[in-house]
Amino acid sequence: AQKVTQAQTEISVVEKEDVTLDCVYETRDTTYYLFWYKQPPSGELVFLIRRNSFDEQNEISGRYSWNFQKSTSSFNFTITASQVVDSAVYFCALISISGGYNKLIFGAGTRLAVHP
Amino acid sequence: NAGVTQTPKFQVLKTGQSMTLQCAQDMNHEYMSWYRQDPGMGLRLIHYSVGAGITDQGEVPNGYNVSRSTTEDFPLRLLSAAPSQTSVYFCASTPGQGYNEQFFGPGTRLTVL
């Protein structure tokens, strides 16, 4: 079975704090892809990153960074020096070969509130 | 490019009514899909299509029908609306298979009374 768990339902921080959003996934496949999407208050879904299971390098994009650890089945997302514009719901998602690469499984999401 | 468009943005139905949510993309993407988003549950896949004439079920297909007669359009039909279908519906498309970045439409907020 495939599953994505985002245990943090809501996180509240003050601007300029660093914050890490946790994502734990389950799959029996060795080939899979992990994603993060952002859903700001306006409601659209914005793609942030895709990582395949063979690439465990961490990724940094500006204030955003991602830590992929196969040993713990985690793909955590860190925002450094958070800003009010980072307030959104963030979704982690998984797609794998056993689903024919056609069934994207989302976590329940983490709502991040960044206060001035 | 308009990307992925969805109509309507909002809809209120009465139990038992039927309707079609429209989705179109102008990026010539092969793969299209429909999700529903409910509070605390993330997005769940309803149906998907890997090309014109080919559709398949996702995680929560009951009560919904789809067809894909063209590459551009992927409508979602609610046959007999139920209050449990109150949700926000998102259409998405991607080139190739679903493991590529999926481009989402703006969503349709549906309320069934």
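Details
- Each residue of the range B:107-113 was assigned a 3J(HN,Hα) from its phi angle through the Karplus curve 6.51 cos²θ - 1.76 cosθ + 1.60 (θ = phi - 60°); the sequence is x, 10, 8, 10, 10, 10, 8 Hz, with glycine and proline shown as x.
- Net charge, B:Q37 excluded, C-beta distance under 10 Å - Lys, Arg +1, Asp, Glu -1: +2
- For chain B, average projected area of the Cα convex hull in nm²: 6.4
- Taking the three principal axes of the alpha carbon atoms in the range B:30-71, the coordinate ranges are 34, 19, 12 Å, sorted in descending order.
- For the range B:47-54, backbone phi angles converted through the Karplus equation (6.51, -1.76, 1.60; θ = phi - 60°) give residue-by-residue couplings of 9, 9, 9, 9, x, 4, x, 10 Hz, Gly and Pro being listed as x.
- Note: the range A:42-91, Cα convex hull, 90 Å³ per residue.
- Karplus-derived 3J(HN,Hα), 6.51/-1.76/1.60, for each residue of the range A:105-116, Hz, glycine and proline x: 9, 9, x, 6, x, 10, 8, 9, 10, 10, 9, x
- Over the protein assembly as shown, the hull volume per residue, using the convex hull of the C-alpha atoms, is 122 Å³.
- Base-10 log of normalised Debye intensity for chain A (one unit scatterer per alpha-carbon) at q = 0.14, 0.15, 0.19, 0.21 Å⁻¹: -0.54, -0.62, -0.96, -1.15
- Per residue, the protein assembly as shown exposes 46 Å² of solvent-accessible protein surface, assessed with a 1.4 angstrom probe and all protein chains in place.
- Highest mean packing comes first when the peptides A:20-28, B:16-24 are listed by Cβ atoms within 10 Å, giving A:20-28, B:16-24.
- Here, the range B:47-107 has an Rg and a Dmax of 12.1, 35 Å when only alpha carbons are counted.
- The dipole here belongs to chain B: it is taken about the Cα centre, uses +1 on the Cβ of Lys and Arg and -1 on the Cβ of Asp and Glu, and is about 460 debye.
- Projecting the Cα atoms of B:G53, B:G98, B:N65 onto the dipole axis of chain B, where Lys and Arg carry +1 and Asp and Glu carry -1 at the beta carbon, places B:N65 farthest toward the positive end.
- Label zone at B:M41 (point 7 Å along Cα-to-Cβ), backbone N below 18 Å, the range B:2-28: B:13, B:15-16
- Mean-position separation - Cα centroids, the range B:23-39 and the range A:18-70, in angstrom: 20
- Minimum 50 Å² accessible area buried by the other protein chains, the range A:83-103 residues, probe 1.4 Å, relative to alone: A:Y101, A:N102, A:K103
- In this structure, A:S12 and B:Q97 have a Cβ-Cβ separation that, at R0 = 22 Å, corresponds to a calculated FRET efficiency of about 0.05.
- Atom-type composition of the exposed protein surface of the protein assembly as shown places 49 percent of the accessible area on carbon and sulfur (1.4 angstrom probe).
- Simple label model, 7 Å out from Cα along Cβ direction - B:I54 to A:N67, nm: 4.0
- Relative contact order (percent, whole number), chain B, Cα cutoff 8 Å, 6+ residue spacing: 36
- Within the protein assembly as shown: Cβ-based charge dipole about Cα centre, in debye rounded to nearest 20 (Lys, Arg +1; Asp, Glu -1): 540
- Interface area, B with A, accessible, probe 1.4 Å, both sides summed, Å² nearest 100: 1700
The values are calculated or read from the model by the stated rules, or taken from the named source; none is laboratory data. These figures come from a predicted structure and were not determined experimentally. Backbone-built Cβ (ideal geometry, glycine too); neighbour counts: all protein chains shown. The protein model used for the area step is the full one, side chains on, heavy atoms only, and it has no ligands, DNA or RNA in it. Shrake-Rupley method; radii C 1.70, N 1.55, O 1.52, S 1.80 Å.
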